[in-house]
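Values quoted throughout were computed directly from the atomic coordinates according to the rules given, and no laboratory measurement underlies them. Because the structure is a prediction, the values reported are computed rather than measured.
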């Protein structure tokens, strides 16, 4: 299972990090929930229909950002008031861990997080209870993103018809 492969990626549990992306995306997912995409194209998630399918099945939250750049990402229980933009979605957790980081690390084409050199991965592993969670991302100019992941009812659903974006 991919979750067990994540163990090789584990860093000390630091939460805040600098996201560097060349796909203009941030994502949240439990690798076990995307195991079925390993044999798919490496960029399967850039196909809008595929991204919406996985988002609505609560397997991944992919959020488009204003540009390829760096973003300071922090985890917060309470958000700063007056964000410039905000998105939220339900995501499921089967393994007890989420990856929060750049979209280029979404599994596909037989590549998992454990296939990347640890020092190059732009993201962190976050421990979480198994089940459904509400992920909320708030954007503050110029390049700050606050993330909150909290438990939700397992029967919660996503019914998105458009892709998610922040700061655009």
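Which of rounded, prolate, oblate describes region 121-163, given a ≥ b ≥ c as roots of the alpha-carbon gyration tensor eigenvalues and a/c under 1.5 marking rounded, otherwise prolate only if a/b is larger than b/c?
oblate
Taking the centroid of alpha carbons for each part, region 91-168 and region 50-76 are 6 Å apart.
Here Rg/Rh (Cα atoms, Kirkwood Rh) was computed from the coordinates, and among [x] 0.95; [y] 0.92; [z] 1.05 the match is [y]. Under the shape rule built on the C-alpha gyration tensor, where the axes satisfy a ≥ b ≥ c, region 77-166 is oblate, since a/c reaches at least 1.5 while a/b does not exceed b/c. For region 35-127, averaging the sequence separation of C-alpha pairs within contact (under 8 Å, six or more residues apart) and dividing by the residue count gives a relative contact order of 42 percent.
Helix-only arithmetic for the chain: the sum of -39500 (n - 2.57) across DSSP H runs with n ≥ 4, divided by the residue total, places the mean residue ellipticity at 222 nm at -2000 deg cm²/dmol.
Taking the chain as a Gaussian network of alpha-carbon nodes connected by springs under 10 Å, the highest mean-square fluctuation of the residues 19, 134, 55 belongs to 134. Taking each residue as 0.36 nm, the span from residue 144 to residue 24 lengthens on full extension beyond its C-alpha to C-alpha distance by 41.8 nm. Normalising the average separation of contacting C-alpha pairs (under 8 angstrom, six or more residues apart) by the number of residues puts the relative contact order of the chain at 33 percent.
Here the Gaussian network model covers the chain, with springs between Cα atoms less than 10 Å apart; of 26, 47, 145, 47 fluctuates the most. Annotation: extensible slack from residue 56 through residue 110 equals 17.1 nm (criterion: 0.36 nm per residue apart, minus Cα-Cα distance). Note on the chain: GNM, Cα springs under 10 Å; of 157, 112, 25, the largest mean-square fluctuation is that of 157.
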